[in-house]
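The values are calculated or read from the model by the stated rules, or taken from the named source; none is laboratory data. Since the structure is predicted, the reported quantities are computational estimates derived from the model, not experimental observations. Cβ atoms come from the backbone with ideal geometry, glycine included; neighbour counts cover every protein chain shown.
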Amino acid sequence: MTESALACLILAAGRGTRMHSDLPKVMHPVAGLPILGHVMKVAQALVPEKIIVVVGPAMEQVQTFVAPHAVAIQKTQRGTADAVRAATDQLQNFAGDIAVLYGDAALMTKEALQELRRVHAENAAAITISAFTPDDAAGYGRILLDDRSRVMGIIEAADATPQQKAITLCNGGAILFSAPKVWPLLDKIENHNAKHEFYLTDLVELAYRAGLTTAYAMFDNEAVQGVNDRVELAAAEALMQRRLRLAAMRGGVTMQDPDSVFLAHDTLLGRDVTLGPNIVFGTGCVVGDHVHIRGFCHIEGAEIAAGSIVGPFARLRAGTKLGTNTHIGNFVELKNSLVGAGSKINHLSYIGDAEIGSTSNIGAGAITCNYDGFRKQRTIIGNNAFIGSNAALVAPVTIGNGAFVGAGSVITNNVPADTLAVARGRQVNLENWGGRQKNNKKDTKSS
Ligand code: UD1
Ligand code: MG
């Protein structure tokens, strides 16, 4: 039992009309990655010799996404067999097996495809299909078995007789076939069917009739679910989130309310991370060991080093890097900023395009004024600095090591190390002002 060399052909040229979208269907994100990206990830996990994606002619965005993998252009969408034929130049002389995957199967797994390959090799089959038993067989192709339980063919729902419609074993979509044995049969597929399309599924009957060995591997229902409309997109997102949460918890993350934590496909969480309720991760986040993220945080493109505490209600935007043991508190927004080890920004701050050293303290309401209306400017704050509450640091500006900025200051000039800078109107106390005011105005007081 040996597995042959593999090529993966991913069909993604369908129009996806039921999405009612300007974006090609396969580019809609699930857990922050286009659906097609998920399919490509599982294809890559099989370490194939090549991956080719079939796209429509006006799908530049998909082509860009697919690079550096090859694309084949299907000029008009005339069915799944026609889509496979679009890759004739790249594949007709391929000596190994070809796995055809559907580009909208966001929840396909490496394990399911490995099972497909295992069954294929075990049976020394020429063509092996994926089978599953959905709760509602509705629009799926029904698998026809002969009296020895060999796959005779697939009948599409639109062409099935009432008896065939009663079959519960359905075609999951993924198909694996030996290129030298089966590719020549592709040309024999015709479009004499209800949809006038060239069905890839007809290949199975052609192979069976030619005396080739056919087989099927059982897939679980989740792995074959396609995304055809926004309702199915939401369902795929929910299932993907469930997978990601389970993987995180199994890897040593505590989640107080897993169902309210949203992860991205690439979120990396360390050991003993604790996540409170209602946290959203965008893509590109790395969270170190023993980090505690309290509830209601929104985090994307951020790195949080070990031992830090974030939130509740914090927003970390792209380019944020927190050193070890930092404290980021409520209603703090950080963007494109480095925060050194042990520094604290605990309340109501906006820190953008800044570099803060270690063990510095940024007071409540302190902000960096990073945008002058034309360009973003940087704020540099040293180690052990203290920025008083409600200070406005007008960038570009540098605050030295150990420097202090008085509360309420508007800082426009650099502050040298160990210096106190106060930049606000000096307080004036006028004695008895209240009493005089009362006397002067008492005749004119309105009721
Ligand atoms: C297909 C199968 C059906 C199976 C089901 C599983 C066929 C004929 N039928 O039906 O047996 O139960 O999937 O989900 O294959 N595509 C192209 N070019 C085309 C047409 C489609 O690239 O001309 C792509 C689509 O982008 C999609 C995939 O092929 O990713 C499947 O096409 P779709 O129309 O969704 O097939 P189903 O009707 O769902
Ligand atoms: Mg489909």
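For this structure, a couple of remarks:
Quick grid of which residues meet (1) under 23 Å from His38 (Cα atoms); (2) of a type in the set (Gly, Ala, Ser):
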{"residue": "Arg250", "(1), (2)": "yes, no"}
{"residue": "Pro258", "(1), (2)": "yes, no"}
{"residue": "Val261", "(1), (2)": "yes, no"}
{"residue": "Thr274", "(1), (2)": "no, no"}
{"residue": "His298", "(1), (2)": "no, no"}
{"residue": "Ala302", "(1), (2)": "yes, yes"}
{"residue": "Gly319", "(1), (2)": "no, yes"}
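- Selection over region 354-376 of residues that are at pLDDT 95 or above and not in a loop (DSSP other than H, G, I, E, B) gives a count of 9.
- Test for Ala125: is it within 14 Å of ligand 1 (Cβ to nearest atom) and buried (at least 24 other Cβ atoms within 10 Å of the Cβ): no
- The set of residues in region 1-33 that are within 13 Å of ligand 1 (Cβ to nearest atom) and within 20 Å of Lys110 (Cβ to Cβ) comprises Leu9, Ile10, Leu11, Ala12, Val26.
- Residues (among the hydrophobic types (A, V, I, L, M, F, W, C), away from ligand 2 (no atom under 16 Å from the Cβ) and either surrounded by 13 or more Cβ atoms within 10 Å (Cβ to Cβ) or modelled with pLDDT under 95 (or both)) located in region 161-190: Ile167, Leu169, Leu176, Phe177, Ala179, Val182, Trp183, Leu185, Leu186, Ile189
- Wholly enclosed helices (runs of 4 or more DSSP H) of region 144-251 bearing at least 1 residues under 30 Å from Gly282 (Cβ atoms) and in contact (Cβ under 8 Å) with a residue 12 or more places away in the chain: 221-224, 230-250
- Residue pairs meeting the criteria (Cβ under 6 Å; at least 6 apart or on separate chains; first in contact (Cβ under 8 Å) with a residue 12 or more places away in the chain, in region 358-374; second buried (at least 18 other Cβ atoms within 10 Å of the Cβ) and basic (Lys, Arg)): Asn361/Lys344
- Any hit, region 234-241, residues being modelled with pLDDT of 95 or more, over 20 Å from Arg142 (Cα atoms), touching a His at 6+ places or on another chain (Cβ under 8 Å) and away from ligand 2 (no atom under 15 Å from the Cβ): yes
- For region 60-81, taking the residues that are in contact (Cβ under 8 Å) with a residue 60 or more places away in the chain and in a loop (DSSP other than H, G, I, E, B), the one that is surrounded by the fewest Cβ atoms within 10 Å (Cβ to Cβ) is identified as Gln77.
- Looking only at region 306-336, and only at residues there that are in contact (Cβ under 8 Å) with a residue 24 or more places away in the chain and over 22 Å from the mean Cα position of the chain (by Cα), the one that is nearest to Arg378 (Cα to Cα): Gly323
- Residue match in region 36-55 (condition: out of contact with any strand residue (DSSP E or B) (no Cβ under 7 Å at 6 or more places or on another chain), over 19 Å from Ala223 (Cα atoms), within 15 Å of ligand 1 (Cβ to nearest atom) and among the small types (Gly, Ala, Ser)): no
- Condition check for Ile345: outside any loop (DSSP other than H, G, I, E, B) and touching a residue at least 24 places away in the same chain (Cβ under 8 Å): no
- Condition check for Val84: near ligand 1 (Cβ under 9 Å from one of its atoms), in a helix (DSSP H, G or I) and either free of Cβ contacts under 8 Å to residues at least 12 places away in the same chain or touching a helix residue (DSSP H, G or I) at 6+ places or on another chain (Cβ under 7 Å) (or both): yes
- Residue match in region 427-437 (condition: surrounded by 17 or more Cβ atoms within 10 Å (Cβ to Cβ) and at pLDDT 95 or above): no
- Members of region 155-198 found to be of a type outside the set (A, V, I, L, M), near ligand 1 (Cβ under 9 Å from one of its atoms) and farther than 25 Å from Arg118 by Cα, listed by number: Glu156, Asn193, Lys195, Glu197, Phe198
- Criterion applied to Val253, Val231, Val280, Val273 was being β-branched (Val, Ile, Thr), over 19 Å from Gly141 (Cβ atoms) and within 16 Å of ligand 2 (Cβ to nearest atom), and the one residue passing it is Val231.
- Residue count for region 1-59 satisfying the condition of being within 16 Å of ligand 2 (Cβ to nearest atom), buried (at least 20 other Cβ atoms within 10 Å of the Cβ), among the β-branched types (Val, Ile, Thr) and outside any strand (DSSP E or B): 3.
- Identity of the residue in region 331-356, farther than 12 Å from Val310 by Cβ and β-branched (Val, Ile, Thr), that ends up surrounded by the most Cβ atoms within 10 Å (Cβ to Cβ): Ile356
- Restricting region 377-387 to residues that are hydrophobic (A, V, I, L, M, F, W, C) and part of a strand (DSSP E or B), the residue that is farthest from Ile309 (Cα to Cα): Ile380
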